[in-house]
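Only one structure is covered here, and it is reproduced in the block below.
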Amino acid sequence: MVVMRYTKRNEKEIVRKAVKVLKKGGLIVYPTDTVYGIGADATNKKAVSRVFKIKRRSKPISVLVWNKTMLKKYSYPSKLSLKKLPGKYTFVLKPKKKLPVSKSNIGFRIPKHWCTEISKQFGKPITTTSANLTGKKTPSSIEKIKGTFGKDISLYIDSGSLSKKPSRVIDINGKRIR
C-alpha cells in the first residue's frame, strides 16, 4: 500500500504509478472533480470483482473515460452526454463493448480533472465508483478511506479534503437518477 500526495509537480509520476498498478490488476483510490473514486481496469473481470467485493456492492459500477473519443469507442453516447461532458455527470449509456462492471447499461464519466490522464495513459476505461462502502457516506479524506479499505488498495492518491457531492447520474433518456 502506497500513499502519494498529489501536487501539480508530481502529477506525471502519480499517473505512471497508477497505470502500473492498474496494469497489474491492482486497485487505486484517486481524486476526481467530485469525490474520491476507486479505480480498477474496467476491462479486467478479476479486478472489477475485487471492487465489488471490497465495496460490498451488487449494483453496476460506473467507468471513467478520458475523452469523447474513448466514450464513443465504449458506448453509444446520447446528444446530451456529448453536450454535458466533460463535467460532473455520469451518463448511463448502452455499451458498445461488454465490460464486467454491468450486465446491461453502464455509467460513463469524463471529469473536468487531471485524473482523466490516468485513463488516457492506461489506454482503457477505469472504474469510478465512490471510495466508500455501499450505502455509507463517501469519506472526504484519504486517511478515512484508508481506514475502510486498508491494504485492499495498492495506491492511494491524496489530494486533500474532497467534500463535494458525487456526480449527477442521468440515464440514456436524459432523466436524472440522482
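Throughout, read-outs are computed from the coordinates displayed, never taken from laboratory work. These numbers were taken from a predicted model, which means no experiment stands behind them. Cβ placement follows ideal geometry from the backbone for every residue including glycine, while neighbour counts extend to all protein chains displayed.
Does the stretch 100-121 contain any residue that is among the small types (Gly, Ala, Ser), touching a helix residue (DSSP H, G or I) at 6+ places or on another chain (Cβ under 9 Å) and in contact (Cβ under 8 Å) with a residue 12 or more places away in the chain?
To start, the set of residues in the stretch 100-121 that are among the small types (Gly, Ala, Ser) comprises 102, 104, 107, 119.
So of that shortlist, the ones also touching a helix residue (DSSP H, G or I) at 6+ places or on another chain (Cβ under 9 Å) come out as 119.
Narrowing further to those that are in contact (Cβ under 8 Å) with a residue 12 or more places away in the chain: 119.
Checked the stretch 100-121: at least one residue is among the small types (Gly, Ala, Ser), touching a helix residue (DSSP H, G or I) at 6+ places or on another chain (Cβ under 9 Å) and in contact (Cβ under 8 Å) with a residue 12 or more places away in the chain.
Kindly indicate the residue of the stretch 116-171 that is touching a Phe, Trp or Tyr at 6+ places or on another chain (Cβ under 7 Å) and of a type in the set (Lys, Arg) and also nearest to LYS83 (Cα to Cα) among those meeting that condition.
ARG168
Given (1) over 11 Å from the mean Cα position of the chain (by Cα); (2) closer than 19 Å to ILE170 by Cα; (3) not charged (D, E, K, R), identify the lone condition not met by VAL65.
(1)
Do we find that LEU85 is surrounded by fewer than 23 Cβ atoms within 10 Å (Cβ to Cβ), within 25 Å of SER163 (Cα to Cα) and in contact with a Ser or Thr (Cβ under 7 Å, 6 or more places away or on another chain) in this structure?
no
Residues that are touching a residue at least 60 places away in the same chain (Cβ under 8 Å) and closer than 19 Å to LYS124 by Cα: which strands (runs of 3 or more DSSP E) entirely in the stretch 1-94 hold 1 or more of them?
The qualifying strands (runs of 3 or more DSSP E) are 28-31, 36-39.
Quick one: in the stretch 9-37, which of the residues that are under 11 Å from SER154 (Cβ atoms) and not basic (Lys, Arg) is surrounded by the fewest Cβ atoms within 10 Å (Cβ to Cβ)?
GLY25
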